[in-house]
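Engineer: Here it is: the structure, laid out below.
The values are calculated or read from the model by the stated rules, or taken from the named source; none is laboratory data. What you are looking at is a predicted structure, and each value in this text was computed from that prediction instead of being measured. Every residue, glycine among them, receives a Cβ derived from its backbone with ideal geometry; neighbour counts consider all protein chains shown.
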Amino acid sequence: MGYVAVQGGREAIERACDLYESSRSGRNSSPLGLDQIREQLPLAVDRVMGEGGLYAPDHAALSLRQAAGDTFEASLLLRAHRATLPRLAESLDCSSSSMRMVRRISSAFKDVPGGQVLGPTSDYTLRLLDFEILEDPLARRQLIRDRLFDGRIDEEEVPDEFPRVVELLRAEGLVEDVETGEDEPFDITRRSLVYPAPRSARLQAMARGETGGMLFLAYSSMRGYGHIHPTLAELRVGYVPLLVRNPLTGEDVVAGEVLATEADVVSRFSDPEGQPRFHVGYGMCFGQNEVKAISMGVLDRCMRAATPSSPAEDQEFVLSHIDGIESMGFSNHWKLPHYVDFLSDLDRLRKAQEVDRARR
Amino acid sequence: MLAGEWLSGGAGRKTTWGFLDDGAKKDVRRALLKAVAIPGYQVPYGSREMPLARGWGTGGIQITLSLLSPEDVVKVIDQGCDGSVNAVNIKKFYERVGGVETTTDTREATLIQTRHRIPEERMDAGQILVLQVPYPEALREVEPSEANTRRMHAEADYARMWLHLYEDVVHYGEIRLAYRYPCTVNGRHVMDPSPIPRWDVPKLHMADTLFLFGAGREHRIYAVPPHTRVEPLEFEDHKFRVEDFHGKSCSRCGATDTFLDEILGPDGTRTFYCSDTGYCDKRRR
């Protein structure tokens with residue numbers, strides 16, 4: 001028997017990389033353009049930007065293509081790229097009431113100031129596989145565009161500001177004030193999370209959390225492993241201005257816009273000691289990712305439970321398991337060789353079997 | 001500017017030598033200094049994402065990159081082997097971002113990064129061993145919550161760990177913990193020595209070498225400085241034992257004093273080879 005277990009790794013690894021590259025790039029189809037990915041798979045791009053923690057649509061499109069559509073892998077590519085970039089400035093606080101609105105709905109009221117703006121969503125579509133759009137000819141797309149824009153836009157009707165529903169409730173004393181008790185927000189990209197984690201750290205960790213993982217935990221709570229009964233006071237998708245202070249002039253300038261989804265969750269009053277007021281939960285993430293923003297809002301509320309009674313209310317449980325890059329990496333690492341560990345385990349088992357035989 | 005240029009940050013933009021930016025390296029070094037000052041204590045730090053998946057050595061990589069200088073000679077091993085997938089990947093990465101010289105000879109290396117093994121040859125005072133760590137918390141075996149284990153360490157409350165080991169002796173006549181065997185460092189902190197086999201644990205005790213442990217996914221760094229006591233948890237009447245290779249030897253170099261890999265043959269036969277392939281090669285030369 002040859003000494004197979006030792007050498008020859010490098011060549012095999014290089015070829016495995018080549019095989020991946022070859023199968024990823026397709027045989028006869030033309031390469032996917034970044035514009036195609038950005039414009040036709042925008043929700044995947046948004047998801048990857050959020051989980052990767054870097055708002056960069058072109059980079060996210062590139063990472064999706066390189067990762068063959070795997071959002072975990074694509075987020076990792078983006079986040080690893082982020083680690084090499086210098087931090088140039090910190091953005092200033094901004095209110096989402098000045099959001100350039102794409103979509104805005106409230107489930108709490110039939111109508112709200114500013115109105116219900118349905119926006120682009122698959123929520124009201126029939127989930128029938130549409131074979132008519134197999135080809136998706138330009139003419140069809142043009143027809144839809146004409147229907148949308150044909151004389152129906154009246155700028156007068158679009159309000160400049162959409163007041164946040166939760167603020168309207170707060171003004172009436174119906175919802176709690178959430179004190180953060182922090183002067184400076186915690187930064188989980190520079191410091192390791194410590195438990196109990198301040199709210200800013202919890203929100204930051206969730207904003208980068210993996211959509212599916214957060215949905216799972218939030219769903220467990222809404223379904224019954226928890227006591228949160230959420231109402232979606234408001235869900236918004238839109239562009240928020242990125243404000244930075246010019247270091248030379250001291251002037252605040254708008255450096256760009258960031259597409260974000262925001263969710264305000266209101267839940268039943270439950271504090272027998274304090275004033276009866278609704279509790280709130282807040283979710284916000286890059287791009288249009290409504291499942292994630294809602295899950296985040298629910299989990300934000302869950303994690304403020306006075307005494308955690310379910311997994312979703314235990315902040316250490318939630319925060320240490322929602323990062324997709326960490327969980328995916330660790331799950332995949334079991335594919336690495338573990339033969340030294342296993343041999344050590346075998347040694348233990350054989351010793352225990354000797355003891356067992358002697359005892360019988 | 002071309003789209004590609006713009007995406008990569010403009011023509012001529014180069015990744016920093018050693019990949020990490022200087023601020024990140026400084027963060028890691030600061031954590032390392034604290035770790036050396038408090039042997040066995042897990043220092044939380046702002047772990048950065050590396051171009052390898054979490055759990056694939058990102059903690060070890062961050063330590064190595066923050067220590068690396070162009071004069072270094074680096075050896076990378078995975079399960080004792082220089083040619084294993086993880087070692088090859090990491091070495092490729094170092095060659096790309098640092099252009100450092102690499103070796104498979106333990107004695108030639110100034111810096112060795114390893115996954116799950118400590119080389120058989122005794123390392124000297126001028127060398128550093130960086131260990132990749134999946135679980136930095138030895139107490140995770142008995143307590144899932146980080147908040148609780150940190151408090152247990154602060155109070156040096158290791159009762160549950162001792163009880164866990166004791167119950168194993170009662171139930172099985174043996175302690176089931178094989179690799180990741182908990183050790184007391186400097187008479188104070190109970191430490192997870194990373195998934196090295198029991199065989200390697202004694203090498204940590206009163207060594208001449210600095211041992212650095214990096215857990216990237218768990219955001220922790222810890223250290224065993226040279227000439228520090230590292231004592232595996234054991235009972236007076238149930239002593240710590242290493243893996244038993246009695247009567248076995250390496251089929252390649254004939255060694256009888258090394259940790260051996262067990263290879264399954266098609267006919268059910270077992271063959272044994274040195275796990276430390278660099279050492280095995282050297283013995284054959």
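Engineer: Output yes when any residue across the stretch B:64-81 is within 17 Å of the chain's Cα centre (by Cα), among the hydroxyl-bearing types (Ser, Thr, Tyr) and at the interface with another protein chain (Cβ under 10 Å from one of its Cβ atoms), and no when none is.
Structural biologist: No: the stretch B:64-81 contains no residue that is within 17 Å of the chain's Cα centre (by Cα), among the hydroxyl-bearing types (Ser, Thr, Tyr) and at the interface with another protein chain (Cβ under 10 Å from one of its Cβ atoms).
Engineer: Further question: Determine the pairs where a residue that is under 29 Å from B:Ile221 (Cα atoms) and within 14 Å of another protein chain (Cβ to nearest Cβ), located within the stretch B:168-189, has a partner that is surrounded by fewer than 16 Cβ atoms within 10 Å (Cβ to Cβ) and β-branched (Val, Ile, Thr) with Cβ atoms under 7 Å apart, the partner being 6 or more residues away or on another chain.
Structural biologist: Close Cβ pairs satisfying both conditions: B:Ile175/B:Val169.
Engineer: Filter the stretch B:265-277 down to residues that are under 23 Å from B:Asp200 (Cα atoms) and out of contact with any Pro (no Cβ under 7 Å at 6 or more places or on another chain) and give me whichever is modelled with the lowest pLDDT. Spell out the reasoning first.
Structural biologist: Step one: list which residues in the stretch B:265-277 are under 23 Å from B:Asp200 (Cα atoms), which gives B:270-277.
With the extra rule that they be out of contact with any Pro (no Cβ under 7 Å at 6 or more places or on another chain), the set shrinks to B:270-275, B:277.
Details: B:Arg270: 90, B:Thr271: 94, B:Phe272: 95, B:Tyr273: 95, B:Cys274: 96, B:Ser275: 95, B:Thr277: 94.
Across the stretch B:265-277, the extreme among qualifying residues is B:Arg270.
Engineer: If the requirement is being within 14 Å of chain B (Cβ to nearest Cβ), more than 30 Å from A:Pro120 (Cβ to Cβ) and surrounded by 18 or more Cβ atoms within 10 Å (Cβ to Cβ), which of these qualifies: A:Lys351, A:Lys335? Before the answer, list the steps.
Structural biologist: Values: A:Lys335 fails: surrounded by 18 or more Cβ atoms within 10 Å (Cβ to Cβ).
One residue alone meets the criteria, A:Lys351.
Engineer: Shifting gears a bit: So, of the residues in the stretch A:201-230 that are under 16 Å from the mean Cα position of the chain (by Cα) and among the small types (Gly, Ala, Ser), which turns out to be farthest from the other protein chains (Cβ to nearest Cβ)?
Structural biologist: Residue satisfying both the conditions and the ranking: A:Ala218.
Engineer: Considering B:Tyr94, B:Tyr45, B:Tyr41, which residue is among the hydroxyl-bearing types (Ser, Thr, Tyr) and within 17 Å of the chain's Cα centre (by Cα)? Break it down stepwise before answering.
Structural biologist: Values: B:Tyr94 fails: within 17 Å of the chain's Cα centre (by Cα); B:Tyr45 fails: within 17 Å of the chain's Cα centre (by Cα).
After applying the criteria, what remains is B:Tyr41.
Engineer: Of the numbered conditions (1) within 30 Å of B:Glu95 (Cβ to Cβ); (2) part of a helix (DSSP H, G or I); (3) in contact with a helix residue (DSSP H, G or I) (Cβ under 9 Å, 6 or more places away or on another chain); (4) facing chain B (nearest Cβ under 10 Å), A:Asp35 satisfies every one except a single condition; which is it?
Structural biologist: (1)
Engineer: What residue, of A:Leu169, A:Leu78, A:Leu143, is assigned by TED's automatic domain parsing to the domain that holds A:Met284 and within 28 Å of A:Leu235 (Cα to Cα)?
Structural biologist: A:Leu169
Engineer: Give A:Pro272, A:Pro308 a once-over and let me know the one that is more than 14 Å from every other protein chain (Cβ to nearest Cβ), over 14 Å from the mean Cα position of the chain (by Cα) and of a type outside the set (A, V, I, L, M).
Structural biologist: Working: A:Pro308 fails: more than 14 Å from every other protein chain (Cβ to nearest Cβ).
Within the list A:Pro272, A:Pro308, the selection yields A:Pro272.
Engineer: Another question, then. Looking only at the stretch A:190-199, decide whether some residue is in contact with a strand residue (DSSP E or B) (Cβ under 6 Å, 6 or more places away or on another chain) and surrounded by fewer than 19 Cβ atoms within 10 Å (Cβ to Cβ).
Structural biologist: Checking the stretch A:190-199: at least one residue is in contact with a strand residue (DSSP E or B) (Cβ under 6 Å, 6 or more places away or on another chain) and surrounded by fewer than 19 Cβ atoms within 10 Å (Cβ to Cβ).
Engineer: Can you report the number of residues in the stretch A:38-54 which are more than 13 Å from chain B (Cβ to nearest Cβ) and more than 11 Å from A:Ser75 (Cα to Cα)?
Structural biologist: Selection size over the stretch A:38-54: 5.
Engineer: From the residues in the stretch B:190-202 that are within 14 Å of chain A (Cβ to nearest Cβ) and of a type in the set (A, V, I, L, M, F, W, C), which one is nearest to A:Lys351 (Cα to Cα)?
Structural biologist: Of everything passing the filter in the stretch B:190-202, B:Trp199 is nearest to A:Lys351 (Cα to Cα).
Engineer: Okay, next question. Of all strands (runs of 3 or more DSSP E) completely enclosed by the stretch B:222-285, which ones contain at least 1 residues that are in contact (Cβ under 8 Å) with a residue 12 or more places away in the chain and closer than 21 Å to B:Glu174 by Cα?
Structural biologist: B:230-232
Engineer: How about the stretch B:145-167: which of its residues are hydroxyl-bearing (Ser, Thr, Tyr) and within 14 Å of chain A (Cβ to nearest Cβ)?
Structural biologist: B:Ser145, B:Thr149
Engineer: Also: For the stretch B:153-204, which positions are hydrophobic (A, V, I, L, M, F, W, C), out of contact with any Cys (no Cβ under 8 Å at 6 or more places or on another chain) and surrounded by 16 or more Cβ atoms within 10 Å (Cβ to Cβ)?
Structural biologist: Once the filter is applied, which keeps residues that are hydrophobic (A, V, I, L, M, F, W, C), out of contact with any Cys (no Cβ under 8 Å at 6 or more places or on another chain) and surrounded by 16 or more Cβ atoms within 10 Å (Cβ to Cβ), the stretch B:153-204 yields B:Met161, B:Leu165, B:Ile175, B:Leu177, B:Ala178, B:Cys183, B:Val185, B:Ile196, B:Trp199.
Engineer: Still on this structure, I have one more. Can you find even one residue in the stretch A:71-87 that is modelled with pLDDT under 95, surrounded by fewer than 18 Cβ atoms within 10 Å (Cβ to Cβ) and touching a strand residue (DSSP E or B) at 6+ places or on another chain (Cβ under 7 Å)?
Structural biologist: No: zero hits.
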